[in-house]
Every structure is written in structure tokens, then in C-alpha cells.
Amino acid sequence: MCGIAGFINFDPSGQPDNPGKVLRNMLDALRHRGPDDHGEQSIKSTSGTTLHLGHQRFSIIDLTTAGHQPMSNDDKSVWISTNSEIYNYKELRNELSNKFQFHSQSDTEVLLRAYEYWGVDCIDRLIGMFSFAIWDHQKEALFIVRDRLGIKPLYYHIKGKQFSFASELRSLLASGFIDKSISSTGLYHYLSFGHSKAPIVNSVSELKPGHYLWIDKNGQWEEKEYWNPFNKNNKTTTLFDSNEIKHKVQTIIEESIRCRVVSDVPLGAFLSGGIDSSIVVGVLSSISDDPVTTLTISFNEKEFDESEYSQEIADRFRTNHHVLRLDENQLLQALPASLSAMDTPTIDGINTFLVSRSAQEVGLKVALSGLGGDELFGGYPSFRLIPQLMKQKKILKYIPFKKFAVGLYKNLFPSDQSTKMDHWVQGKLSGAHEYFLIRALFCQDHVIRLFADKKQAQTEIEKDYRCTQNQIDQLPSGDIFNQISYLETFHYLQNMLLRDTDMMSMAHPLEVRVPFMDHRLVEMIFQLPGQEKSGTAKHLLVNSMKSLLPENTWRRKKMGFTFPFEMWMRGALRPEIESILLTPLQQLEGLVSDQAVASIWSEFLSGRISWSRPWSLYVLKSWIIKNLS
């Protein structure tokens, strides 16, 4: 894993005064992602334009200088800078070995040769996580790609004929090309969900997962989808027999974990003691000659602590287990570094920062994670709640006095939940589906309250509704399980968990691999009708992998992994939170109401709302101070 950056102006007269300095500034912002090597290349085209291409290397496969990037082919007609792990690179290399002479053992050279031989179609052959840029000198074109599930990030900026790109938003900000003003759309998404569906800075775009960009010599560009889980061209087979399905699920999961073991550096796994991470550790242990190194976070607060469950799995598979015990004072000490690691603001991710730091301290450079199991196999409460809400909606149509229903919900549910039920009764879903309301951080009325410009807030609400309605329209109709699974994967997992995992792990750096996000597994699971996966939580996954798991692991109620922020923010964290939260920021003037922010904090202290609401505002302000001041 690495960091990539570059820029090109297809108008030869539009070069910055000191392009070398611009590229170095962009790469310096990515240094944490690639401390092992650094590369810069200026590539001049026949039409007079120059691509400035850079790379920060974190060496995982082929640790020698032969893996240096940017890398070119023999006649320098193709150049690449990549942030990738191609797990099937050995198979691809064998396929290409009679066509090219290879000069390294790296997967980067295989990727370069794959493009040289197959062109754009090389993407379809890749198994892995990746974002990369390829310059085709003969076509005078730039080919920029992001992996199918969005595991690796890629941002870009287009102004006229100037195009710039980078692995992180901060790298683009360091270029000097970017307007640092805050996007009202990005702000709306962050306040609504605690993460960014769109970059929070104006003029920056994020390359969508499963998409590529092709920019030709005239500066004309096209963003095109090359994959989604419902593609009719996906190479899957129809499965009907339940035993066949379970066997296929087991086979693909084991293969996806096995291929992710390829590494020339120490490798381990995160272990919570839940179903997903236990499966990963179990399979890893079965194919490893030495004990697998595992890590977990533990808390003094027993209601948040899963360490006894992770220890049970560690004992079962005889792993080399490490426990990071965390209290509020330790979090306070780690808070500045974890906030600085955020490339974009997020209410989550500090847990990944801390466990990744622990992994680095015990000597790991690669760790496997169980992310994605809940989304694919139905592990979240949303798979149970949304069908219930849809049934109740039919009944609600016949209730003449909806205010009565709202009052009833307020008496039955805690404040945050009753607010959501109030919005649900009124048809305010934070999008075009009940799912978005369940995942909402601030509901619609709260978002309007937080926006300084209420009309702008309403505009963003309507825009997001149209966007989410279009998303819903693309899903298979009538299969609620698969609809929820898709939204959990491509809204929550993609925009929060995968992004947070990338930026928080790479801050150390540590490469995190996610076998449940193997596109072959995702394609197969989405091919199955929801009835094959519904029932008890993760019914299909448990039945497919039951031989690995002790019974109390799959029978135990899902805890969910979160910190005891509710208590900590009233204790040692309170002075730090208040110092940032209650101080006005120039960058938010005219965008966010200071009065509403102060009111949110008061409501938290009085117990009327939960910790995540003021925490999100604290993180937002901290990120702005660090990155936009």
C-alpha cells in the first residue's frame, strides 16, 4: 500500500511556476502512507503537455528497489503509480510471462504489463484492492482506476484543462490548486450521517468505486462504471440447492482469506471475538505454519468489553494474542494524533487508529479484518427493523391522528429513537428509504436547525432525496434483504467503515485487508435471493462456517464495537470538547449556526441526546482547524 499523486495541464501554457515543488508538497502530505521510498517523474508528451507523477511507497511485496515507482515499461511508453495489492498477481504474471520480460517480483510490474497487454480490460482480471494512475504515452491519455468496492481512496480536481489527483484529500489541498471553502453538499452529508458521501471541500470529487477515469490529450474526460454487484456480465453461476450454496460460500471465503496472505512482511488479524473476525482468524490459523498474531481492544467498562470473547477464540486457535486496554485518559492522550490522522471528518475510526497503532507496535505491517460480514450476511438490526417499519407504514396510513402515534413513540423510545420515529411518521426519511433514517446521525429537522441558511439546507435535502431515489430505483425490486444489504455495503460500509479503516491504519502505516470484500464473494452473495440469507442474524454465514466457531460465538447477541464515549465526554474529555465545540470558526460562518451547536451540547449534558451528535460537531471543527485554517 502506498500514496499516489499527480497533475497535468493539457494546456501547455498552464503549468504552475514550480511544478516540482507542487508535486513534492502533494507527496509530503502522503508521507505517512509510504515511508519506505519516494518517487517523482515528469513525463512530457509529444503535444508539449507534462504529467507530474509521484509516489510514496509502503513496501509489502518485493521489498527491493526493483519495486520503485513511478514505474515504466521497457520503452517508457507506459507509466504507473499505484496504491494497490493485486492478490492474483502471480497467476497474472504466469499468464503474461511468455509475452514480457519481468524485472521485479512486484505486483506493480504485473499491473503495468496487464494494462500494456489488455488495455482498459485489464481491470476485469484483477483480484485485489487498488487505486492507480497509468499514463499511456502513445495515446497521450491518463487512465485512473479505483477498485470495485472502494477499499482504496482516490480524489481528483478538474479546473479547465488542469487535472490533479491523489490518494488523500489533504494531498490535493497541499497542491495549492484547491479552493478550501466548505461544500454545503458535503456538509449536509456529514451532518446527516457522520461521514462524507461527497467531499466536504468544494471543487474536489471522489472517484466512485468500480469506476475509472479516462482523460485524453485534449483534456476531455469521462468517468465510467466498470463493475457493480448486479452486473449481468459477472461470471457467477446460479445456485439453487442450499447445501451447494453453503459449500460455495465456505469455499469462496476460504479462498478470499487464503489469497490475502500473500506478503513479504509480518501479517496478523484484528480479533473482536465476533463471528466475522473469528472466521478470519480460524481460516488464517488453518493455513499458517506459525501462530497467527491477533489484536483486540479492551475496556474497563464491562458493558463495552469483548476481550473475554476474543480470548476464547485466541485460545481455540492458539494465536499470539495481544490486548490493548484503553481508558479515557489514554484516549485523551491519543486524541490529537487520531484527529490528525483523519483525511476527512468522521464520527468513527478512532478505534481503528488505536488498534492499528498497537499492531505496528507488535511488529505487524499487514492485518486482516472481518469488515463486510454484517453488510453481506445481515448482521445489523436494520435487516430486522426496516421490514417491520414497512409493514407498520401500511397500517399507519389508516391512523387518522398521526400526532397520537408520535406521542406514543416518544413515551416508548429513548430521545434519539423517538426523534427518528417522529420523522418517520411525518415521512422525513433523510433520503428516499427508511434505511437512511435508521443510519441518520442528525435527522432532517436537526440538520435544518444546524444550517445557518435554512433554504440551503432544504435544497440539500431535496437534492439528496433525488439522488437516493435514483439509487433505490437501480436495486432489484421486491427483495428487501438485498436492498438493505446493498445500502449497508455501498452507503455505510463504503463511505464510513472502509474509508475510516484506510486512513486510520495508513497513518502508522498498516495495511488492512478485508476478505469479505472480495468481489467474487460480493457478486455471489448479491446473486442469491434474500430469503436464502434472512432469518437469524448472519444465518447463511454461520451455517457455512459453523465448524470453525464455538457455539456461544454464533449464539451470542451482537455487541457492536464502540467506545464508552457517553461517560468519557462527561469526564476527562469534557474540557477538550468544549474548548473546540463552543468556539466559533470563520470557515463555518454562514454555514453552521453557533447557537444550534451550543444547544446540541446542552442537550447532551442534560441527557436528551446521545454522545455521537456533539462528538460529530467537535470532530468537524477540529478537522477544519487542522486542514483549512
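A few comments on the model shown:
- Residues of type aspartates and glutamates that LYS420 reaches as a straight line, Cα spacing below 20 Å, ignoring anything fewer than 8 places off in the same chain: GLU434, ASP445, GLU460, GLU462, ASP464, GLU488, GLU566, GLU603
- Linear extension gain, GLN426 paired with ASP11, 0.36 nm per residue minus alpha-carbon span: 144.1 nm
- Simple spin-label estimate for ASP75 and LEU605 in nanometres, 7 Å along Cα-Cβ: 7.2
- Only Cα pairs under 8 Å and 6+ residues apart enter the sum, and on that basis the relative contact order of segment 567-629 stands at 38 percent.
- Overall, segment 240-395 carries a charge dipole of about 560 debye about its Cα centre when +1 sits on the Cβ of Lys and Arg and -1 on the Cβ of Asp and Glu, all other atoms neutral.
- Protein heavy-atom surface of the chain, 1.4 angstrom probe: 48% of the accessible area is carbon and sulfur, with nucleic acids and ligands not counted.
- THR82, THR46, THR319, THR459, ranked by accessible area, largest first (probe 1.4 Å): THR46, THR459, THR319, THR82
- GluC sites (Glu not before Pro), loop per DSSP, at most 16 other Cβ atoms within 10 Å - longest free stretch of the chain: 1-300
- Among the trypsin sites (Lys or Arg not before Pro) in segment 140-172, none sits in a DSSP loop with a Cβ that has at most 12 other Cβ atoms within 10 Å.
- Convex hull volume per residue for segment 466-521, taking Cα atoms only, in Å³: 87
- Relative contact order %, the chain, counting alpha carbon pairs below 8 Å whose residues are six or more apart: 15
- With the largest listed first and rounded to whole Å, the semi-axes of the equivalent ellipsoid of segment 417-514 from the Cα gyration tensor are 27, 20, 13.
- Residue ranking by accessible heavy-atom surface, 1.4 Å probe, largest first, among HIS52, HIS38 comes out as HIS38, HIS52.
- In nm, spacing of pseudo-spin labels at MET567 and ALA598 (7 Å Cα→C-beta vector): 3.1
- Taking Cα centre as origin and charging only the Cβ of basic (Lys, Arg, +1) and acidic (Asp, Glu, -1) residues, the dipole magnitude of the chain rounds to 1620 debye.
- Sparse packing (at most 13 other Cβ atoms within 10 Å of the Cβ) combined with a DSSP loop state is found for the following trypsin sites (Lys or Arg not before Pro) in segment 31-103: LYS76, LYS99.
- Set against the 2.2 N^0.38 Å expectation for a compact globular protein, segment 101-197 has a Cα radius of gyration ratio of 1.33.
- Distances between placed amide hydrogens fall under 5 Å for ALA141 paired with ASP136, all partners being 5 or more residues away or on another chain.
- Relative contact order of segment 100-224: 23 percent, from C-alpha pairs under 8 Å at least 6 residues apart in sequence.
- When the square roots of the Cα gyration tensor eigenvalues are ordered a ≥ b ≥ c, the ratio a/c for segment 1-141 is 1.5 or more and a/b does not exceed b/c, which makes its shape oblate.
- Listed residues ALA432, PHE143, MET567: farthest to the positive end of the dipole of the chain (Cβ charges): ALA432
- Put a dot 7 Å past the Cα of THR459, heading toward its Cβ, do the same for ASP315, and the two dots end up 6.1 nm apart.
- The ellipsoid equivalent to the alpha-carbon distribution of the chain has semi-axes of 37, 31, 25 angstrom, derived from the gyration tensor eigenvalues as √(5λ) and listed largest first.
- Set LYS248/LYS428; LYS152/LYS463; LYS152/LYS217; LYS21/LYS76; LYS152/LYS224 screened for pairs whose C-alpha atoms are more than 29 Å apart: LYS248/LYS428
- Taking each residue as 0.36 nm, the span from SER47 to ASP28 lengthens on full extension beyond its C-alpha to C-alpha distance by 3.9 nm.
- Per residue, the convex hull volume that the Cα atoms of segment 522-591 enclose (Å³): 223
- The chymotrypsin sites (Phe, Trp or Tyr not before Pro) of segment 139-240 meeting both criteria, a DSSP state outside H, G, I, E and B (loop) and at most 12 other C-beta atoms within 10 angstrom of the site's C-beta, are PHE240.
- Per residue, the chain exposes 40 Å² of solvent-accessible protein surface, assessed with a 1.4 angstrom probe and all protein chains in place.
- A quarter of the convex hull surface defined by the alpha-carbon atoms of segment 117-276 gives 14.1 nm² as the mean projection.
The values are calculated or read from the model by the stated rules, or taken from the named source; none is laboratory data. What you are looking at is a predicted structure, and each value in this text was computed from that prediction instead of being measured. Cβ: placed from backbone, ideal geometry, glycine included. Neighbour counts: every protein chain shown. Heads up: the accessible areas ignore ligands, DNA and RNA and are worked out on the full protein's heavy atoms, side chains in. Shrake-Rupley method; radii C 1.70, N 1.55, O 1.52, S 1.80 Å.
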